[in-house]
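The values are calculated or read from the model by the stated rules, or taken from the named source; none is laboratory data. Everything numeric here is computed off the predicted structure, so don't read it as measured data. Don't worry about glycine lacking a Cβ; one is built from the backbone with ideal geometry, like all the others, and counts go over all protein chains shown. Surface areas here come from the heavy atoms of the whole protein model, side chains and all, with no ligands, DNA or RNA. Shrake-Rupley method; radii C 1.70, N 1.55, O 1.52, S 1.80 Å.
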Amino acid sequence: IDLLDAATSASLSELGREEADLAPLVTSNFADAARGRELAKVVEAMPEGLVVLDARSVITTMNELAARVLHVDAASAIGRRIAEVDALAPLAAVLANPEPPEGQAVRGAHGSFLVSVRQLDDSVIATITEFDRAFRIAQKLVSSRAHYTFADLRGSDALHEAIEVARRAALVDASVLI
């Protein structure tokens, strides 16, 4: 971009002052295009599916992961109202709720997935998580591999006192209600 900026500025300066005033605009357009390409790469690299709708419920963005999970062709879905894409009916039902719950499980024609929804200005952003992926993450968090001890707990003096009582109770082979 720096090379383009220099070449653009040099070329426009030869055209005269009035045309040279266009240099920042041309340079800005190159920078905007570069940011757009970078943003597109970020959207595709996300570990979640992404669907963005405008104020009229028209799909403006859908990454390939969302398309795969929802079993639709992203290119044919973008630009259409979500209600017009039959395969997206389960997602449309969630998005029709004025306050959709966080991480709602949805059963689609080809499997289940979780949907989280956020409002951003006039757009609706839905992230799609494959149910199997969410299940694997949850298992990692609660499995026997997740090991916590009393030393991991932090808090007030009262909590530390309760921890000490629990630590002593844990040494006894009797059932204790704490």
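Only one of Arg37, Arg81, Arg17 is modelled with pLDDT under 80 and basic (Lys, Arg). Can you tell me which? Break it down stepwise before answering.
Working: Arg37 fails: modelled with pLDDT under 80; Arg81 fails: modelled with pLDDT under 80.
Selected residue: Arg17, the only one of Arg37, Arg81, Arg17 that is modelled with pLDDT under 80 and basic (Lys, Arg).
Quick one: in segment 57-102, of everything that is in contact (Cβ under 8 Å) with a residue 12 or more places away in the chain, open to solvent by less than 80 Å² (accessible area, probe 1.4 Å) and in a loop (DSSP other than H, G, I, E, B), which residue is nearest to Thr127 (Cα to Cα)?
Taking the candidates together, the pick is Asn63.
Filter segment 103-113 for residues that are outside any loop (DSSP other than H, G, I, E, B) and open to solvent by 40 Å² or more (accessible area, probe 1.4 Å); which is farthest from His71 (Cα to Cα)?
Applying the first criterion (outside any loop (DSSP other than H, G, I, E, B)) to segment 103-113 yields 104-108, 111-113.
Filter once more, keeping what is open to solvent by 40 Å² or more (accessible area, probe 1.4 Å): 104-105, 107, 112.
Numbers: Gln104: 19, Ala105: 17, Arg107: 13, Ser112: 12 Å.
Going through the qualifying residues, I end up with Gln104.
Within segment 121-142, count every residue that is assigned to a helix (DSSP H, G or I) and touching a Pro at 6+ places or on another chain (Cβ under 9 Å).
As a first pass, look at segment 121-142 and keep what is assigned to a helix (DSSP H, G or I): 131-142.
Among the residues that remain, those that are also touching a Pro at 6+ places or on another chain (Cβ under 9 Å) are: 133.
Of the residues in that region, 1 qualify.
Taking the condition of being touching a Leu at 6+ places or on another chain (Cβ under 9 Å), of a type outside the set (Asp, Glu) and under 17 Å from Thr129 (Cβ atoms), how many residues in segment 38-60 meet it?
7
Please state which of the following conditions Gln119 fails to meet, knowing it meets all the rest: (1) closer than 16 Å to Ala74 by Cβ; (2) open to solvent by 100 Å² or more (accessible area, probe 1.4 Å); (3) under 14 Å from the mean Cα position of the chain (by Cα).
Failed condition: (1).
Among the numbered conditions (1) modelled with pLDDT under 90; (2) aliphatic (A, V, I, L, M); (3) out of contact with any Phe, Trp or Tyr (no Cβ under 7 Å at 6 or more places or on another chain), tell me where Ala126 comes up short.
The failed condition is (1).
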